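Have a look at the structure below, then the notes.
Where a number appears in this text, it was derived from the coordinates with a stated rule and is not lab data. Computed from a prediction, not measured in an experiment: that's the story for all the values here. Every residue, glycine among them, receives a Cβ derived from its backbone with ideal geometry; neighbour counts consider all protein chains shown.
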Amino acid sequence: MPVIREPRKSRGLIRSLNRSGVRDDKSPNVVRKAKTPPDPSICERCGAVYQRKTWRSDRKVTDELSAKADWVVCPACEQVSRQEGQGRLVLLGTGVAANKETIRRRIENVARRATVTQPERRIISVDELGARGEEGLEVLTTSQKLAHRIVRELVKLFDGSARYSWQDDGTLYAEWRYDTARIKAHKRG
Ligand SMILES: [Zn+2]
């Protein structure tokens, strides 16, 4: 899979936009900003537990733990409430339109698996591109890795072509194009 980095010129442009504040609402990097919570802590929104320096959603909240833990909002819940994505996927092509339900289910599966061990990795939204011209889907995730993983799984299932571009603000922009006219048989997944 080709990895395409943004050309220097456009990175400079993004940086200057950040400085002038135009993109301020989109630029904060959650990883850089997140402060370390007291150990242990429990997220009051999703029940994820922060212990031994990591957030996990599969840790049991016992009476003993909840008695000594602080109640905080975990980075993922904070990010979801601000609607910021660290991963932005755009899925395009006739094959996407024709397989939307299968694609949505696959995305949900990948996300569900990721969330068990890494609650901070999740999907913020899956929306139709619709109004913005081409038919397709836009997926926002709280994590670059999850975004990357979803694209990899879609390529495994259908082929198509993927391209990735890492932005200066810490987000990964990925585009997956799948046209049924050009790629006839799709693999069984
Ligand atoms: Zn949470």
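Please go through the range 124-153 and pick out each residue that is over 11 Å from the mean Cα position of the chain (by Cα), hydrophobic (A, V, I, L, M, F, W, C) and not in a loop (DSSP other than H, G, I, E, B).
Hits for the range 124-153 are ALA131, LEU137.
Looking only at the range 83-101, count how many residues are within 16 Å of the ligand (Cβ to nearest atom) and either crowded, with 23+ Cβ neighbours inside 10 Å or within 20 Å of GLY47 (Cβ to Cβ) (or both).
Within the range 83-101, residues that are within 16 Å of the ligand (Cβ to nearest atom) and either crowded, with 23+ Cβ neighbours inside 10 Å or within 20 Å of GLY47 (Cβ to Cβ) (or both) number 1.
Could you grab me the full set of residues in the range 42-66 that are exposed (fewer than 13 other Cβ atoms within 10 Å of the Cβ) and within 19 Å of ARG113 (Cβ to Cβ)?
Selection gives ASP58 alone.
Given the condition among the β-branched types (Val, Ile, Thr), more than 16 Å from the ligand (Cβ to nearest atom), under 14 Å from the mean Cα position of the chain (by Cα) and in a helix (DSSP H, G or I), answer yes or no: does some residue in the range 102-123 qualify? Give the derivation first.
We begin by selecting, within the range 102-123, every residue among the β-branched types (Val, Ile, Thr); these are 102-103, 107, 110, 115-117, 123.
Filter once more, so that each one left must be more than 16 Å from the ligand (Cβ to nearest atom): 102-103, 107, 110.
Keeping just the survivors that are under 14 Å from the mean Cα position of the chain (by Cα) gives 107, 110.
Retained after the next criterion (residues that are in a helix (DSSP H, G or I)): 107, 110.
Yes; the residues of the range 102-123 include at least one that is among the β-branched types (Val, Ile, Thr), more than 16 Å from the ligand (Cβ to nearest atom), under 14 Å from the mean Cα position of the chain (by Cα) and in a helix (DSSP H, G or I).
Which residues, taken from the range 71-101, are closer than 13 Å to ILE123 by Cβ and part of a helix (DSSP H, G or I)?
Selection gives ALA76, GLN79, VAL80.
Restricting to the range 33-70, name every residue that is free of Cβ contacts under 8 Å to residues at least 24 places away in the same chain, assigned to a loop (DSSP other than H, G, I, E, B) and away from the ligand (no atom under 13 Å from the Cβ). Lay out the reasoning, then the answer.
Initial filter on the range 33-70 (free of Cβ contacts under 8 Å to residues at least 24 places away in the same chain): 33, 35-36, 39, 47, 49, 51-54, 59-64, 67.
Restricting the remaining residues to those that are assigned to a loop (DSSP other than H, G, I, E, B) gives 35-36, 39, 47, 52-53, 59-62.
Within the range 33-70, LYS35, THR36, ASP39, ARG52, LYS53, LYS60, THR62 qualify.
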